[in-house]
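Participant: Can you read through this structure? Questions will come right after.
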Amino acid sequence: MHIDRRRFVQGALAASCALAPPLRAEGPKASGVYIGDMHSHLFFFGMGASPEQKPLGPTMAAGNATLVAWSLVGDVPWLRITGKGIKQKGSPNRGEAGKWFEDDVARIKQHLDGQKLKLVLTPEDVDRALAGEPHVVLTVEGATFVEDGIAPLAHAYEQGVRSVQLVHYIDNPLGDFQTEPPQHDGLTELGREVIAECNRLGILVDLAHCTDKAARHALDVAAQPVIWSHSSVTRTRTPNWKMPVWQARQLSYDTAKLIADKGGVVGVWPMRADVGGTPETYAARVWELGEWLGDDHVAFGTDMNAVSRPAIASYADLQKVVRFWQKAGFPAESIEKIAIGNFARVLKQAMGARQA
Ligand SMILES: [Zn+2]
């Protein structure tokens, strides 16, 4: 971190003496690069402003964010916030998680309609987002609505869901998650069926929160590239549930490499304990991961409104990140890929593979 940060600062100094890259706009949007985000929230408990205080349209527009994943949290009613992070407080009765999903999808769509924001439903919609028309990708964090069979996934697709994260914070028949002792020795048979069904439907699979073993099982069976939408990569620790939450939630370098080898993308969160407290420290950390995995395999994953005191508090802050990279003289093509292009690519690939 220190070495790369120093190099980052040196790069910025060197670039200030060289020709600056051309800018296409002024003000907070001055980077001229559109922003993608693989993971954000508007309705989540305990944190962030209410949707009325912080509606999504102006939030996205303030940073030229045009491809934003809005993650419906599939297990919220069964969670509580504790001093040791988010814990399970109960279990859904049969059908309750499906009902929660329906109700939250309705709330989300109502908000999007009010904001005149469109959902990404086809690969062409992703192209429109890349061309500057704001779009939201409906995603689900924790496929809690999958109880004992894959049928709810086709229904979720019909409702507009285009990415599914297998596990979150409650016991889940799909596989193990990072913050509790493993129960399933990785991914279950149902978890494998869910991945095959997502591939068939054209839903992008998200492995965030999976244990290392579950992630590797998923990579063994996935027919399309996958994402790890939010956290970061460690080269020095082997994450496990006994660690502080932010360390337990990290991805091992070897598994991150496997995700990249399969064409996938890892999103970096703005967790202060991990990436530092400012857009500049976040910029350094994201770029560092690009050097580790290759610039085709890294993206933003802000976890907006679910991280306390984040290094990135708005999409305008992500524009600052892009400007830091531009001032450092980093290649425009690499910047565009990390800022939005990589998320767009894997999403289009997963959606385009639909066989239904
Ligand atoms: Zn999460």
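The values are calculated or read from the model by the stated rules, or taken from the named source; none is laboratory data. This is a predicted model, so every value here is computed, not measured. Here the Cβ is made from the backbone with ideal geometry for all residues, glycine too, and neighbour counts use every protein chain on show.
Participant: Just checking, how many residues over the range 87-109 are of a type in the set (V, I, T) and crowded, with 20+ Cβ neighbours inside 10 Å? Spell out the reasoning first.
Facilitator: Here is the first cut: in the range 87-109, the ones of a type in the set (V, I, T) are 105, 108.
Cutting the leftovers down to crowded, with 20+ Cβ neighbours inside 10 Å gives us 108.
Total satisfying the criteria: 1.
Participant: Can you tell me how many residues within the range 219-255 are in a helix (DSSP H, G or I), crowded, with 18+ Cβ neighbours inside 10 Å, more than 16 Å from the ligand (Cβ to nearest atom) and of a type in the set (A, V, I, L, M, F, W, C)?
Facilitator: Selection size over the range 219-255: 1.
Participant: Sticking with this structure for a sec: Can you go through E124, E102, E133, E147 and tell me which one is in contact with a Ser or Thr (Cβ under 7 Å, 6 or more places away or on another chain) and among the acidic types (D, E)?
Facilitator: Details: E124 fails: in contact with a Ser or Thr (Cβ under 7 Å, 6 or more places away or on another chain); E102 fails: in contact with a Ser or Thr (Cβ under 7 Å, 6 or more places away or on another chain); E147 fails: in contact with a Ser or Thr (Cβ under 7 Å, 6 or more places away or on another chain).
That would be E133, the only listed residue that is in contact with a Ser or Thr (Cβ under 7 Å, 6 or more places away or on another chain) and among the acidic types (D, E).
Participant: Of the conditions (1) surrounded by fewer than 21 Cβ atoms within 10 Å (Cβ to Cβ); (2) over 24 Å from Y282 (Cα atoms), C198 satisfies every one except a single condition; which number is it?
Facilitator: Answer for C198: the failing condition is (1).
Participant: Do we find a residue being hydrophobic (A, V, I, L, M, F, W, C), over 25 Å from H209 (Cα atoms) and without any contact (Cβ under 8 Å) to a residue 40 or more places away in the chain anywhere in the range 106-121?
Facilitator: Yes: one or more hits.
Participant: For the range 194-218, which positions are closer than 20 Å to T139 by Cβ and either of a type in the set (D, E) or part of a loop (DSSP other than H, G, I, E, B) (or both)? Spell out the reasoning first.
Facilitator: To start, the set of residues in the range 194-218 that are closer than 20 Å to T139 by Cβ comprises 194-210, 214-215, 218.
Within the range 194-218, E197, G202, I203, D206, L207, A208, H209 qualify.
Participant: Testing A332 on (1) out of contact with any helix residue (DSSP H, G or I) (no Cβ under 7 Å at 6 or more places or on another chain); (2) over 23 Å from L347 (Cβ atoms), one condition comes back false. Which one is that?
Facilitator: (2)
Participant: Is it fair to say L42 is modelled with pLDDT under 90, more than 16 Å from the ligand (Cβ to nearest atom) and part of a loop (DSSP other than H, G, I, E, B)?
Facilitator: On the way: modelled with pLDDT under 90: yes; more than 16 Å from the ligand (Cβ to nearest atom): no; part of a loop (DSSP other than H, G, I, E, B): yes.
No: the conditions fail for L42.
Participant: Can you name every residue in the range 142-191 that is hydroxyl-bearing (S, T, Y) and under 21 Å from the mean Cα position of the chain (by Cα)?
Facilitator: Initially, the range 142-191 is screened for residues hydroxyl-bearing (S, T, Y), giving 144, 157, 163, 169, 179, 188.
The answer is T144, Y157, S163, Y169, T179.
Participant: Going through the range 287-304 one residue at a time, which ones are more than 13 Å from the chain's Cα centre (by Cα) and either over 18 Å from S31 (Cα atoms) or surrounded by fewer than 24 Cβ atoms within 10 Å (Cβ to Cβ) (or both)? Walk me through how you get there before you give the answer.
Facilitator: Filtering the range 287-304 down to residues more than 13 Å from the chain's Cα centre (by Cα) leaves 287-296.
Once the filter is applied, which keeps residues that are more than 13 Å from the chain's Cα centre (by Cα) and either over 18 Å from S31 (Cα atoms) or surrounded by fewer than 24 Cβ atoms within 10 Å (Cβ to Cβ) (or both), the range 287-304 yields E288, L289, G290, E291, W292, L293, G294, D295, D296.
Participant: Just name the residue that is farthest from the ligand (Cβ to nearest atom) out of those in the range 139-185 that are among the acidic types (D, E), part of a loop (DSSP other than H, G, I, E, B) and within 23 Å of V245 (Cβ to Cβ). Give the steps one after another, and end with the answer.
Facilitator: Keep residues of the range 139-185 that are among the acidic types (D, E), which gives 141, 147-148, 158, 171, 176, 180, 185.
Cutting the leftovers down to part of a loop (DSSP other than H, G, I, E, B) gives us 147-148, 171, 176, 180, 185.
Filter once more, so that each one left must be within 23 Å of V245 (Cβ to Cβ): 171, 176, 180, 185.
Numbers: D171: 16, D176: 15, E180: 14, D185: 22 Å.
If we take residues in the range 139-185 being among the acidic types (D, E), part of a loop (DSSP other than H, G, I, E, B) and within 23 Å of V245 (Cβ to Cβ), then D185 is farthest from the ligand (Cβ to nearest atom).
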